[in-house]
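Following: one structure in structure tokens, then a few remarks.
The values are calculated or read from the model by the stated rules, or taken from the named source; none is laboratory data. Quick caveat: nothing in here was measured; it's all calculated off a predicted structure. Here the Cβ is made from the backbone with ideal geometry for all residues, glycine too, and neighbour counts use every protein chain on show.
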Amino acid sequence: MQKRTLLDGKKFQITIKRLCHQLIENHNDFSNTVLIGIQPRGSYFADRVKQELSAILPDKNIRKGNLDITFFRDDFRRKDGIVSASSNTIDFLIEGCNVILLDDVLWTGRTIRSALDALLAYGRPAKVELLVLIDRRFSRQIPVEPDYIGLQVDSIDSQLVRVSWKETEGEDKVILLSERNQ
Amino acid sequence: MAADKLSTRHLLGIKDINLNDIELIFETADNFKDVINRPIKRVPSLRDITIANIFFENSTRTKLSFELAEKRLSADVINFAASSSSVSKGETLIDTVNNILSMKVDMVVMRHPYAGAGVFLSKHINAQIVNAGDGAHEHPTQALLDAYSIRQKLGEVRGKKVVIVGDILHSRVAISNILCLQKLGAEVMVCGPATLIPKHIASLGVKVEHDLITALNWCDVANMLRIQLERQDIKYFPSLREYAMMYGLNKKILDNLNKEIIVMHPGPINRGVEITSDVADSKQSIILEQVENGVAVRMAVLYLLASQRD
């Protein structure tokens, strides 16, 4: 396995900060906007964005929920893999809200399609936007494009992009894993 | 966290599954409980699956619960009741089921009056089988939902003391419950008149008690079973009235115990026989929670079985 660091240290912090300021540009004080992290790894990202937004807007209450898409996946019974789900924690109504969906890596777009399906069980949002830390561009299988992007990377199918977080893995870092000989 | 796959292709009985399977089912049921409390109570997971509910014996709760679970998972459902079918014209079990299967059914949920019907079927047909009760043998989903309800109410099942009261001899719920609770690390006691306790039940590692008050003072949870008059070909006790006096649970007994216990009942209740109305409707009773949990647990079972590709 070959590892290449795409994002870490200061650059990582600046990227998150930049994304938050972009959000504020479009959503002002977040009175009608909620953050929804896609379980499991998008929820870490959403926690970080919420933390950063709260630092920039200290007197605002930023609402954040976690959405699990396991039961809405389109590869159920077509692929061996994890069947056990994570929890949903959305303790507010999303009816009429602006929803910002967050995930760490956007690859084929299928997760986002499932997330849109799963989201509708909680009501009809006024608008849904997509925020991703890493966009693996040119690899979409479904017409889904992000509204806010931390970093765009070019990668091939056999490669893996892995995001680790200070809170869970001890370090903020994005790495690209490839087989040798590539 | 439990492993992410069941160890079995069918759910024929608690006997065939292990602790890991039970924990996986419970964890998945937690997620489905969340789903059925949402405004839109449906997920699309089983949209390409067809399930046949084949009931050779009457049922209200189990049948409705399975059907609701299937529909909330977006499966296609066909229902079949033996009383209104060609079974009464002399068709064999395999013929009936094979005919249903040639309509491209992926899963069969079956209740049958004979013990072992599910196992027999699983050896002869391709579909996945879920046993919804076979004679006096097993009723695995009931045991799972009972244990799940105890876990929900008391935090965990391990170390808890559960007494099963009533007609143990004719009860598939009792056998499945004993096996399930023991796998989860609970202590189990059975209580009832000697005629309704199977002779060698102690070999399963359960305590046997004939006095209701002693049993109730010992336990954390009392699971009150119905007297299955329809299966009793001879008289096992002098009269229902006498049974109710000796083994019926009323509010006075409940209030005089040395601790607060939880009362369960798999339904249907014969009010005034095994428990009185004031007990069934008391805050110590979790009978209606059992019914709600039944849907979530059955969704988990169907989902996990369906996730195993052939």
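Applying the condition of being more than 7 Å from chain B (Cβ to nearest Cβ) and not in a loop (DSSP other than H, G, I, E, B) to segment A:61-98 and asking which residue is farthest from A:LEU119 (Cα to Cα) yields A:ARG63.
Looking only at residues in segment A:29-60 that are assigned to a strand (DSSP E or B) and either surrounded by fewer than 20 Cβ atoms within 10 Å (Cβ to Cβ) or touching a Lys or Arg at 6+ places or on another chain (Cβ under 6 Å) (or both), the one that is nearest to the other protein chains (Cβ to nearest Cβ) is A:VAL34.
The condition of being at negative phi, surrounded by fewer than 17 Cβ atoms within 10 Å (Cβ to Cβ) and not in a loop (DSSP other than H, G, I, E, B) holds for only one of B:VAL163, B:VAL208, that being B:VAL208. In segment A:115-145, the residue that is modelled with the lowest pLDDT out of those that are surrounded by 21 or more Cβ atoms within 10 Å (Cβ to Cβ) and in contact with a Phe, Trp or Tyr (Cβ under 7 Å, 6 or more places away or on another chain) is A:ALA118.
Report, by residue number, each residue of segment B:35-53 that is among the basic types (Lys, Arg) and either assigned to a helix (DSSP H, G or I) or out of contact with any helix residue (DSSP H, G or I) (no Cβ under 6 Å at 6 or more places or on another chain) (or both). Walk me through it before giving the result.
The first filter runs over segment B:35-53 and keeps only residues among the basic types (Lys, Arg), leaving B:38, B:41-42, B:47.
The answer is B:ARG38, B:ARG47.
Considering every residue within segment A:77-93, establish whether at least one is hydroxyl-bearing (Ser, Thr, Tyr), out of contact with any helix residue (DSSP H, G or I) (no Cβ under 9 Å at 6 or more places or on another chain) and in contact (Cβ under 8 Å) with a residue 40 or more places away in the chain. So far as segment A:77-93 goes, no, none of its residues is hydroxyl-bearing (Ser, Thr, Tyr), out of contact with any helix residue (DSSP H, G or I) (no Cβ under 9 Å at 6 or more places or on another chain) and in contact (Cβ under 8 Å) with a residue 40 or more places away in the chain.
Kindly check whether there is at least one residue in segment B:191-213 that is under 30 Å from B:LEU19 (Cα atoms) and within 18 Å of the chain's Cα centre (by Cα). The answer is no, given that none of the residues of segment B:191-213 is under 30 Å from B:LEU19 (Cα atoms) and within 18 Å of the chain's Cα centre (by Cα). When B:ALA306, B:ALA300 are screened for being aliphatic (A, V, I, L, M), surrounded by fewer than 22 Cβ atoms within 10 Å (Cβ to Cβ) and within 14 Å of chain A (Cβ to nearest Cβ), only B:ALA306 passes.
From B:ALA69, B:ALA132, B:ALA136, B:ALA147, which residue is part of a strand (DSSP E or B) and either touching a strand residue (DSSP E or B) at 6+ places or on another chain (Cβ under 8 Å) or closer than 30 Å to B:VAL188 by Cα (or both)?
The conditions single out B:ALA132.
Just for segment B:6-34: of the residues that are part of a loop (DSSP other than H, G, I, E, B) and within 14 Å of another protein chain (Cβ to nearest Cβ), which one is surrounded by the most Cβ atoms within 10 Å (Cβ to Cβ)?
Of everything passing the filter in segment B:6-34, B:LEU6 is surrounded by the most Cβ atoms within 10 Å (Cβ to Cβ).
All of B:LYS235, B:LYS283, B:LYS252 fail the test of being farther than 30 Å from B:VAL108 by Cβ, of a type in the set (Lys, Arg), in a helix (DSSP H, G or I) and more than 14 Å from chain A (Cβ to nearest Cβ), apart from B:LYS252.
Would you confirm whether any residue within segment A:125-148 is of a type in the set (Phe, Trp, Tyr), assigned to a strand (DSSP E or B) and either in contact with a Leu (Cβ under 8 Å, 6 or more places away or on another chain) or within 14 Å of another protein chain (Cβ to nearest Cβ) (or both)? Step through it out loud before you land on a result.
Step one: filter segment A:125-148 for residues of a type in the set (Phe, Trp, Tyr), giving A:138, A:148.
Within this subset, residues satisfying the condition of being assigned to a strand (DSSP E or B) are A:148.
If we keep only those that are either in contact with a Leu (Cβ under 8 Å, 6 or more places away or on another chain) or within 14 Å of another protein chain (Cβ to nearest Cβ) (or both) as well, we get A:148.
Yes, segment A:125-148 has at least one match.
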